[in-house]
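Structure first, then comments.
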Amino acid sequence: MPDNITLGVDLDTYKYGFRDEEKYVFKARKGLDHEIVDQISWMKGEPDWMRALRHEALDIFFSKPTPTWGGDLSKLDYDDIYYYIKPVEEQGRSWDDVPDEIKRTFDRLGVPEAERNFLAGSGAQYESEAVYHSLKEEWERQGVIFVDSDTGLREHPDVYSEFFGTVVPATDNKYAAMNTAVWSGGSFVYVPPGVKVTLPLQAYFRINAQNVGQFERTLIIIDEGAEANYVEGCTAPIYSTDSLHSGVIEIIVKKGARFRYTTIQNWSKNVYNLVTQRALAYENAVMEWVDGNLGSRLTMKYPSVYMMGRGARAEILSIAFANAGQHQDAGAKAIHAAPYTSSSITSKSISKSGGRAGYRGLVKVYEGAYGAKSNVVCDALLLDEHSRSDTYPVMEIDQEDVSISHEATVSKVSDEQLFYLQSRGISEEQAMMMIVNGFIEPIVKELPMEYAVEMNRLIQLEMEGSVG
Amino acid sequence: MSATLVIKDLHVSVEGKEILRGLNLEINKGETHAIMGPNGSGKSTLANTLMGHPTYEVTEGEIWFKGQTIIELSPDERSRLGLFLAFQYPSAIPGVSVASFLRTAVNARYPQPDPASNGNGQLKGMSMREFRRLLKEKMEMLKMDPSFARRYLNDGFSGGEKKRMEVLQMAMLRPEIAILDETDSGLDIDAVRVVSEGVNQLAGPDLGVLVITHYQRILNYIKPEHVHILVNGKIVMSGGPELALELEEKGYDWIKEAQVGSSK
């Protein structure tokens, strides 16, 4: 593909479908075995315990069958995927150090704008390796750590050996095992007790090589009474063969701390997106997931919060958009393992042109978690007759005197709504867009401004051609 | 010169059933007309057909608006030409604020950039400052609380609030012909008065109004010069304001009987 693409009509059509020529320092061969795991660990210069953990996880991966619930994973060929690619030799510390070609990619994704607007620290993952990382000085002074995972492991081995794999162990599921075996990239965040980080920590990443799996591994620890926001957005180019993304996000929110993790993911339409993201919330801690899933061929993703301490709170907001040929099997899990814990789950899905979006949720109240409260609302919006929405809410309640509510709606964009808006001079296409925007507004309003704008723009692209 | 809105021999079917059977009507800017009729006479069919609802099929006849035939136009095109319908049952659009909806509707009236051009699709229209000023002015005129603008369109609105919202839209969009479909239905007498006062403030030489109603009550506030009686999809009698009063006194049976009598 030529290098001289300029922003214009073509790019507006396939806004995030562009790609740069690949430039790698190291690319492992396709396939997944112990030799590859050794190579990855050697390239990264990891401690022995991590290499041993990777090998152990690989055996767990081999021993677990491919899941048959959720979406269709039968076409996923584990041997046809590159599990490790290293694009540049050194970590970039400042924007100037980032190679021009990679900068161009970020330019097109609008990263520098986000940067200019309100961040000085950004972890951005390009291919399987973070290439650019900077940290705002005042955060450093406050003792906040925000680095890529490789750096995190290298510089904070004690934290890693204590917490890595404790929230999501390799035994949790097949893809958590895969990730543990081949992980690279992702972020490490630590916020010391009582520190309140006011600006969001942001990370952008994307897939850029054919058949590249991305296996980012993020570990976040918010210490007692601390507060922070983490925002991750990603847009992927469009390719013809299957790609795999299998991330693991582990979060620990300690006593009285507060944390929000926001993601907008727009994978190209051939990506299998199989992510395990889970948080532990201790006494009076608040954990919030805000999750936007667009794109991908199949997404299976159920952000979870385990409420481990009295008075812990979980809030999970998610949007899924399933277009033609796509299946979004999204959802949430709220595990009440302590008294007076409360959870709120709001899920919104939109299906269009035969797309399929579902909510798969679990609310579990353990014995002894008296006074627990949970409220689940899932709304589905179907844009046409061919699309599909499924809801699989599971509730396991082992304690009396708890308050649990569940509400689910499925609606269609009605002719009456369209006629009403059109009668005010608004075109049918714009009217449809307005109804969809209104539907997701309760979640979009929780996003930082520029992400809300991007979310609306992405949905607008998905909506193109929705009116005959 | 012909009237602003001309309806000629209009026949309309819904799902194969003929509802309007040869309706004729002319309305000019500056005039106020009322169409009265019993249930099932075709009142709402007329309102929806004029605005272009896809369920209503025009099988015969013509509708001319400002010298242009509009039967083939979509509802949004009709609106941008200057036609307005105040709905009997306005739809709720959750998540869309009154202000952002009105801004989109107002801006849709400005010439739009050519989609084929390489611009970034920025909508042309009224400046934010000008829009806010206009909205504030119209809301004050209709005695609406400013917080109304931030609420989601018709979502959880009371019957009276919905109808006031319709009048606010009319005030913002400044149509040349406005059709009020059963605007008084479901409202208590105070709400009817408030809504009617709003319409009256908008009335003037640049606006023609067609009030469609079952009951005479709203006509105590919005005073039409012309009253038409619709029975079985046809206007069977036209007259001045006194016709509405007579109808109120005698009921629709009198007309129906007269109809049966005359057709013998």
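The values are calculated or read from the model by the stated rules, or taken from the named source; none is laboratory data. Note that this is a predicted model, so its numbers are computed, not measured. Using ideal geometry, Cβ is built from the backbone for each residue, glycine included, and neighbour counts are taken over all protein chains shown.
Mind checking which residues of the range B:24-51 are among the hydroxyl-bearing types (S, T, Y) and in a loop (DSSP other than H, G, I, E, B)?
Passing the criteria: only B:S41.
When the residues of the range B:68-101 are filtered to those that are assigned to a loop (DSSP other than H, G, I, E, B) and facing another protein chain (nearest Cβ under 7 Å), which remaining residue is farthest from the chain's Cα centre (by Cα)?
B:G95
Inside the range B:51-67, can you point out the residues that are facing chain A (nearest Cβ under 10 Å) and in contact (Cβ under 8 Å) with a residue 40 or more places away in the chain?
If the condition is that a residue be facing chain A (nearest Cβ under 10 Å) and in contact (Cβ under 8 Å) with a residue 40 or more places away in the chain, then B:M51, B:T55 are the ones that fit.
Any residue at all in the range A:253-268 that's at pLDDT 95 or above and of a type in the set (S, T, N, Q)?
No, because not a single residue in the range A:253-268 is at pLDDT 95 or above and of a type in the set (S, T, N, Q).
If you check A:S318, A:S343, which single one turns out to be surrounded by 24 or more Cβ atoms within 10 Å (Cβ to Cβ) and free of Cβ contacts under 8 Å to residues at least 60 places away in the same chain?
Residue meeting the stated conditions: A:S343.
Take the residues of the range B:25-39 that are modelled with pLDDT under 95 and more than 18 Å from B:I222 (Cβ to Cβ): which is surrounded by the most Cβ atoms within 10 Å (Cβ to Cβ)?
Result: B:P38.
With the condition kept exactly as written, say whether any residue in the range B:236-247 is within 25 Å of B:N28 (Cβ to Cβ), acidic (D, E) and touching a residue at least 24 places away in the same chain (Cβ under 8 Å).
No: zero hits.
Please determine, by comparing only the residues of the range B:102-128 that are modelled with pLDDT of 90 or more and more than 7 Å from chain A (Cβ to nearest Cβ), which one is nearest to B:G156 (Cα to Cα).
Top of the filtered list is B:L102.
Considering only residues of the range A:456-465 that are surrounded by fewer than 19 Cβ atoms within 10 Å (Cβ to Cβ) and under 25 Å from B:S79 (Cα atoms), which is nearest to the other protein chains (Cβ to nearest Cβ)?
Looking at the filtered set, the residue picked out is A:Q460.
Considering the range B:102-114 alone, what residues qualify as being without any contact (Cβ under 8 Å) to a residue 40 or more places away in the chain, under 15 Å from A:R424 (Cα atoms) and either in a helix (DSSP H, G or I) or not aromatic (F, W, Y) (or both)?
B:R103, B:T104, B:N107, B:A108 - these are the residues of the range B:102-114 that are without any contact (Cβ under 8 Å) to a residue 40 or more places away in the chain, under 15 Å from A:R424 (Cα atoms) and either in a helix (DSSP H, G or I) or not aromatic (F, W, Y) (or both).
So that you can scan it fast, the table gives a plain yes or no per residue for (1) assigned to a loop (DSSP other than H, G, I, E, B); (2) away from chain A (no Cβ under 12 Å); (3) over 22 Å from B:P90 (Cα atoms); (4) at pLDDT 90 or above:
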position: B:M139; (1), (2), (3), (4): no, yes, no, yes
position: B:N154; (1), (2), (3), (4): yes, no, no, yes
position: B:E161; (1), (2), (3), (4): no, yes, no, yes
position: B:L168; (1), (2), (3), (4): no, no, no, yes
position: B:P175; (1), (2), (3), (4): yes, no, no, yes
position: B:D184; (1), (2), (3), (4): yes, yes, no, no
position: B:D190; (1), (2), (3), (4): no, yes, no, no
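Quick one: in the range A:420-455, which of the residues that are of a type in the set (D, E, K, R) and outside any helix (DSSP H, G or I) is nearest to the other protein chains (Cβ to nearest Cβ)?
Filtering the range A:420-455 for residues that are of a type in the set (D, E, K, R) and outside any helix (DSSP H, G or I), the one nearest to the other protein chains (Cβ to nearest Cβ) comes out as A:R424.
Test of understanding: among B:G42, B:G22, B:G16, which residue is buried (at least 20 other Cβ atoms within 10 Å of the Cβ) and more than 13 Å from chain A (Cβ to nearest Cβ)?
Working: B:G22 fails: buried (at least 20 other Cβ atoms within 10 Å of the Cβ); B:G16 fails: buried (at least 20 other Cβ atoms within 10 Å of the Cβ).
Only one candidate qualifies: B:G42.
Before we move on, is A:K412 more than 27 Å from A:Y261 (Cα to Cα), basic (K, R) and surrounded by fewer than 17 Cβ atoms within 10 Å (Cβ to Cβ)? So that I can check it myself, show each step before the final result.
Working: more than 27 Å from A:Y261 (Cα to Cα): yes; basic (K, R): yes; surrounded by fewer than 17 Cβ atoms within 10 Å (Cβ to Cβ): yes.
Here the answer is yes, as A:K412 does meet what is asked.
When the range B:1-23 is examined, which residues are found to be part of a strand (DSSP E or B), farther than 23 Å from A:Y420 by Cβ and in contact with an Asp or Glu (Cβ under 6 Å, 6 or more places away or on another chain)?
Filtering the range B:1-23 down to residues part of a strand (DSSP E or B) leaves B:5-14, B:17-23.
Then drop every residue that is not farther than 23 Å from A:Y420 by Cβ, which leaves B:6, B:8-9, B:11, B:17-18, B:21-23.
Residues satisfying the conditions are B:V6, B:K8, B:H11, B:G22.
Can you go through A:I440, A:I426 and tell me which one is touching a Lys or Arg at 6+ places or on another chain (Cβ under 6 Å) and either closer than 30 Å to B:E77 by Cα or buried (at least 19 other Cβ atoms within 10 Å of the Cβ) (or both)? Reasoning before the result, please.
Working: A:I426 fails: touching a Lys or Arg at 6+ places or on another chain (Cβ under 6 Å).
The match here is A:I440.
Select from the range A:266-315 the residues that are assigned to a loop (DSSP other than H, G, I, E, B) and touching a Leu at 6+ places or on another chain (Cβ under 6 Å) and list them in ascending order.
A:M308
Can you tell me which residues in the range A:395-419 are more than 9 Å from chain B (Cβ to nearest Cβ) and either small (G, A, S) or closer than 14 Å to B:A92 by Cα (or both)?
Here is the first cut: in the range A:395-419, the ones more than 9 Å from chain B (Cβ to nearest Cβ) are A:395-413.
A:S403, A:S405, A:A408, A:S411, A:K412, A:V413, listed by residue number.
Within the range A:376-411, how many residues turn out to be over 23 Å from A:P303 (Cβ atoms) and not in a loop (DSSP other than H, G, I, E, B)?
So the answer is 2.
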